[in-house]
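Q: Starting off with a structure, shown below.
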Amino acid sequence: MDLLSAPILLLTGLSLAAWIYLAWGRSGFWRTGQRLGTGGPALERWPAVAVLVPARNEGDLLGRTLPSLLRQEYPGSFHVGLIDDRSADHTGAVARKLAAGLDLAARLTVVAGREPPSGWTGKLWALEQGLRAVPATPYVLFTDADIVHPPDSLRQLVGMAEARRLDLASLMVTLRAAGRGERLGLAAFVYFFAKLYPFRRVSDPGRRTAAAAGG
């Protein structure tokens with residue numbers, strides 16, 4: 001064996017060992033079996049929920065996303081607070097018009113966002129303002145303004161949290177991509193995140209590893 005072959009063989013062996021560990025010793029990070037599912041428990045009493053949506057210049061998207069929240073088929077009471085984070089496209093006015101058109105204006109509060117104080121980042125400050133503006137509830141759902149929710153999304157999330165006695169329930173949404181390049185890029189991002197925080201591991205209450213989706 002020459003001097004060049006030994007380092008190559010060593011690197012090849014280390015690479016193979018790393019992939020074997022990732023495939024079998026990382027809680028099967030490549031599996032996507034952790035899903036919300038359908039159905040869910042039938043609770044005797046469904047707790048109230050505040051839904052907070054930080055939105056900045058999202059007027060063009062709200063026509064698809066906001067109705068999916070306002071029309072949730074949830075057995076308990078819930079209220080949607082949309083924080084208009086200093087938008088330049090009349091996001092708040094669009095949200096009010098949509099709610100009125102659905103005859104659900106009473107279910108929506110639009111909060112006029114203010115400049116974040118020192119030490120705060122924009123999105124977190126928007127959510128903080130929303131928390132201060134809506135009544136306190138046992139559960140708070142934080143969701144982005146570009147997410148379309150299925151009709152039973154809220155019921156499933158609360159049902160899962162109640163059934164498993166969770167302090168935090170977080171799921172990754174289905175990501176839409178246009179074109180092969182975006183699909184490849186999104187897949188690489190999701191699986192890289194899953195390598196760091198395997199979904200099965202962060203869903204195990206016996207593990208110390210925790211993670212949550214930004215949406």
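The values are calculated or read from the model by the stated rules, or taken from the named source; none is laboratory data. Note that this is a predicted model, so its numbers are computed, not measured. Note: ideal-geometry Cβ built from the backbone for every residue, glycine included; neighbour counts use all protein chains shown. Please note that ligands, DNA and RNA were not included when accessible areas were found on the heavy atoms of the full protein model with its side chains. Shrake-Rupley method; radii C 1.70, N 1.55, O 1.52, S 1.80 Å.
Q: Just the residues that are part of a loop (DSSP other than H, G, I, E, B) and either open to solvent by 100 Å² or more (accessible area, probe 1.4 Å) or modelled with pLDDT of 90 or more (or both), please, taken from the range 1-16.
A: Restricting attention to the range 1-16, the residues satisfying the condition of being part of a loop (DSSP other than H, G, I, E, B) are 1-4.
Within the range 1-16, Met1, Leu3, Leu4 qualify.
Q: Could you list all residues from the range 180-215 that are open to solvent by 80 Å² or more (accessible area, probe 1.4 Å), in a helix (DSSP H, G or I) and charged (D, E, K, R)?
A: Arg180, Glu182, Arg183, Arg200
Q: I would also like to ask the following. Looking only at residues that are modelled with pLDDT of 85 or more and open to solvent by less than 50 Å² (accessible area, probe 1.4 Å) in the range 19-47, which one is farthest from the chain's Cα centre (by Cα)?
A: Leu43
Q: May I pose another question? So, in the range 153-164, of the ones that are of a type outside the set (A, V, I, L, M, F, W, C) and under 16 Å from Leu70 (Cα atoms), which residue ends up most open to solvent (accessible area, probe 1.4 Å)? Show your work before the answer.
A: Initially, the range 153-164 is screened for residues of a type outside the set (A, V, I, L, M, F, W, C), giving 153, 155-156, 159, 162, 164.
Subsequent filtering for residues that are under 16 Å from Leu70 (Cα atoms) retains 153, 155-156.
Numbers: Ser153: 11, Arg155: 72, Gln156: 12 Å².
By that ranking, first place goes to Arg155.
Q: Taking Arg71 as the residue in question, decide whether it is in contact with a Leu (Cβ under 9 Å, 6 or more places away or on another chain) and of a type outside the set (Val, Ile, Thr).
A: Yes; evaluated as a whole, the condition is true for this residue.
Q: Touching a helix residue (DSSP H, G or I) at 6+ places or on another chain (Cβ under 8 Å) and more than 25 Å from Leu171 (Cβ to Cβ): is that true of His149 in this structure? Spell out how you get there, then give the answer.
A: On the way: touching a helix residue (DSSP H, G or I) at 6+ places or on another chain (Cβ under 8 Å): yes; more than 25 Å from Leu171 (Cβ to Cβ): no.
So His149 fails the test.
Q: Taking the range 88-100, which residues are modelled with pLDDT under 95 and in contact with a helix residue (DSSP H, G or I) (Cβ under 8 Å, 6 or more places away or on another chain)? Can you show your working first?
A: Step one: of the range 88-100, the residues modelled with pLDDT under 95 are 88-90.
Passing the criteria: Asp89, His90.
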